Amino acid sequence: MPPSNSFTLNTIGIVHSCYKEKFGIPRQPGLVTEATARLELIPPYSRLDILEGLESFSHIWIQFVFHACMTENWKAKIRPPRLGGKTKMGVFATRTTHRPNPIGLSVVKIGNIYQENKKTFIDLHGADLLDGTPVLDIKPYLPYADSITDAQGGFFPAPAQIKPVLFSELAKSQCENYENLHKREITTLIKQVIGQDPRPSYLSEQLDREHGITLWDINIKWCARNDHFEILRIENK
């Protein structure tokens, strides 16, 4: 009998993240170290004994669903942003969300593992996960096996260049007020997210156009200048 071409995967948890929309999420995990999230495990996978031993690891692999892309068709060839959006590559040579199966894989740093109001959580650091992401599985990251020092990066040989991010006086004051009120390091988070230049390729040459990115419960208004990005103001959602 040939193997079945359909099967069911169970959701083991849901991610609660600072990223409330796809725009602005870094294209790889670990690039925005200040990005915090937490994974809420759901029954029957929320028992602490299932997680016994995980606290001795620093990082985990997360397999998840690109749930916000499930209505979009997969593409055989796509234009990677790192190539300026002008050169097409095969889908399996990229990490695009437009895949035959909308499954993603990220390695993230873990923090506390705890229960709160009878729910079980794992704190995540440096995650590139949209709020509400369904998680299929987690596995410990093994440095001796998962880190390959002589691996080749293809047409992504090095991280993208980070541009300086400057704040207007208004934005600086608003960020300080937000940090005092919510005890979140929003200034560093904004610098790391915007510095990656999250704009789509077709807008990468445009200057002075206002953009907005939602992080946590605020909308950051910003624009690109000649040699830096400027944060104009932040607005409550």
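The values are calculated or read from the model by the stated rules, or taken from the named source; none is laboratory data. Please read all numbers here as calculations on a predicted model, not as lab measurements. FYI the Cβ positions are ideal-geometry reconstructions off the backbone, even for glycines, and counts take in every protein chain you see.
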message: Checking Gln63 against (1) under 30 Å from Gly212 (Cα atoms); (2) at pLDDT below 80; (3) of a type in the set (S, T, N, Q): exactly one of these is not met. Which one?
response: (2)
Residue, surrounded by the fewest Cβ atoms within 10 Å (Cβ to Cβ), within segment 119-164, restricted to residues that are assigned to a loop (DSSP other than H, G, I, E, B) and under 14 Å from the mean Cα position of the chain (by Cα): Gly132
- request: Go through segment 165-206 residue by residue and tally those that are assigned to a loop (DSSP other than H, G, I, E, B), basic (Lys, Arg) and surrounded by 13 or more Cβ atoms within 10 Å (Cβ to Cβ).
  value: 2
- prompt: Among the listed residues Tyr144, Tyr114, which satisfies the condition of being more than 25 Å from Tyr45 (Cα to Cα) and at pLDDT 90 or above?
  reply: Tyr144
- prompt: Which residues, counting only those in segment 99-118, are surrounded by fewer than 16 Cβ atoms within 10 Å (Cβ to Cβ) and outside any strand (DSSP E or B)?
  reply: Pro100, Asn101, Asn117, Lys118
- request: Report yes if Ile218 is modelled with pLDDT of 90 or more, aliphatic (A, V, I, L, M) and over 16 Å from Lys20 (Cα atoms), otherwise no.
  value: no
- request: With the condition kept exactly as written, say whether any residue in segment 32-47 is surrounded by fewer than 16 Cβ atoms within 10 Å (Cβ to Cβ), farther than 26 Å from Tyr141 by Cα and not assigned by TED's automatic domain parsing to the domain that holds Leu203.
  value: no
statement: Only one of Ile234, Ile213, Ile220 is touching a Pro at 6+ places or on another chain (Cβ under 8 Å), surrounded by 13 or more Cβ atoms within 10 Å (Cβ to Cβ), in a strand (DSSP E or B) and not basic (Lys, Arg), namely Ile213
